[in-house]
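> Let me give you the structure first, and then I'll get to my questions.
Computed from the coordinates by the stated procedures, all read-outs in this text should not be read as laboratory data. All figures in this text were calculated on a predicted structure; none of them were measured in a lab. Positions of Cβ are backbone-derived with ideal geometry, glycine not excepted, and every protein chain shown enters the neighbour counts.
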Amino acid sequence: MSRLTAAQVIALGEYLDADFDPSTLTVAQLLGVFGYHNVNYPSQYTKPKLVQLFKDEIKVNANKLRRQRIKKENSQASDDGITDGLTGLPINEGKKASDLHLFTGSWANAKIRTARYEKIFTTFITSTSATD
């Protein structure tokens with residue numbers, strides 16, 4: 001049977017259980033857990049040093065880290081602050097989160113994009129013709 005990767009260990013989250021023995025993890029898995037939780041570790045490390053660091057940093061803060069995991073798992077992605085790469089306009093400009101369901105079809109999306117591009121093109125043409 002093959003060992004779990006660090007990502008799989010982190011995804012399972014069993015290392016946050018009170019009765020978990022960190023010496024059962026490999027060095028790579030320990031380093032992965034430290035990286036995930038932003039725990040600094042010495043550049044000259046041995047497995048016993050990493051196990052002790054796990055006990056000092058991860059095990060002691062297990063409840064806090066578990067709450068952070070739950071919060072992260074329950075959060076929703078947002079498109080706030082994301083701009084269209086071509087136009088530079090916010091992709092959710094003028095839309096409320098409650099209105100997003102109105103713009104789900106490909107026809108509706110094409111219509112919105114066309115309106116944005118026409119606005120930008122008109123502005124561009126107006127500004128360049130004024131400089132001629």
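> Taking the Cβ-Cβ separation of Lys59 and Asp79 as r and a Förster radius of 41 Å, what is the calculated FRET efficiency to the nearest 0.05?
Between Lys59 and Asp79 the formula returns 0.60.
> Note the full-extension length gain between Thr5 and Arg67 as 0.36 nm times their separation in residues minus their Cα-Cα distance, in nm to one decimal.
Extra length from Thr5 to Arg67 when fully extended: 20.0 nm.
> Any chance you could count the Lys pairs in segment 6-77 whose alpha carbons are under 24 Å apart, treating pairs 8 or more apart or on different chains as valid?
Qualifying lysine pairs in segment 6-77: 10.
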